[in-house]
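Below is one structure, written out as structure tokens; comments come after it.
Throughout, read-outs are computed from the coordinates displayed, never taken from laboratory work. All values derive from a computational prediction rather than experimental measurement. Cβ coordinates were reconstructed from backbone atoms using ideal geometry, including for glycine residues, and neighbour counts include every protein chain displayed.
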Amino acid sequence: MRRIGLIVAVALLTAAPAFAQHEGHNAASARQAETERNRIIVTDFFDLFYKQKKVREAFEKYVVPDYIQHNPIAPDGRDNAINALEPFMKNVPGLNYEIKRIIVDGNLAAVHAHMRMSPTDRGNAVIDIVRLENGKIVEHWDVIQAVPEKSANPHPMF
Amino acid sequence: MRRAGRYALALALLACTAATAAAAQDTPSAAAEDRAALTARNRAVIEAFADLFYRQLKVREAYEKYVAADYRQHNPMATDGREAAIGFLEPYIAANPGLTMEVKRILVDGDLAAVHLLGKRNAADRGLAAVDILRLKDGKIVEHWDVTQAVPATSANPHPMF
């Protein structure tokens, strides 16, 4: 009887890692499903915003009204973002954002873009990071760096 | 007979349609499974690299373990290759004993990863906000881009840059 108990205990212990692996697999699949849902949203948002320059449409469709802003020159909230970005995009007709790559991981996304004010502008390298909740962008961080004239390596900054 | 023939044709068409639909349904889920597995493998590599390099500042160990010898550099201040990176970073870290790199978030998506961090030369430094983007191949980092920005003294919103 004791031996049977031992066998059962050993069997349970052996089964536990397999179960854990299965759980890990399910968690990875669930995360991938969330990633793919958010990839569609982020791709469409940045297409509307950066490529088509439809600021209001992009923000009203995909950004929550009380979204949290970490860019130090912008205040919180969707309307503040629209009010700052709409005139900027209209007043700089040569403004061009080229999206280089989009990285999506669960509820976070990073977008690497080259922003130029005119065709001769070396421009800025920009990485935006956004957090999503229930299919909407709720938080934003970014880093911006001027593209230098010269580089120590033979590649562009992108 | 003709009616039977027509029926057979309809069945064949239906079978073809069903097969196509099943294949179409199978393909994305298989691709998603592959991508999830690749992401999971690369997440382990990036987490280990981040721990050694950013947190423990063990430059040579981190780079020799996780970076390909001929890795491609896009940071305009650095030259190509792993040894060049080690040669650039090791003396910088030695010259700044108060240096910290605080990893704020890591994103991994297939063969790409982004690391958002705050680099500070000492405790009083407001520091530099940085995002490193890394491309992986066969479990090694093979390419690097970054964007850095000095953290300003004041902000238009009540949040830090992170």
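Relative to the longest principal axis of the Cα atoms of chain A, helix A:2-46 runs at roughly 10 degrees. Evaluated with a Cβ-only charge set (Lys, Arg +1; Asp, Glu -1), chain A carries a dipole of roughly 460 debye about its Cα centre, given to the nearest 20. Excluding same-chain neighbours fewer than eight residues apart, the lysines reachable from residue A:100 by a Cα-Cα span under 18 Å are A:51, A:53.
Given their separation in residues at 0.36 nm each and the Cα-Cα distance between them, residue A:56 and residue A:73 gain 4.2 nm when the chain is fully extended. For the stretch B:23-103, relative contact order (Cα pairs under 8 Å, six or more residues apart, normalised by length) works out to 24 percent. Projected label points at residue B:138 and residue A:146, each 7 Å from Cα along the beta carbon direction, are separated by 4.2 nanometres.
For A:157, B:77, A:115, what's the fewest-to-most ordering of other Cβ within 10 Å of each Cβ?
So the ranking, lowest neighbour count to highest, is B:77, A:115, A:157.
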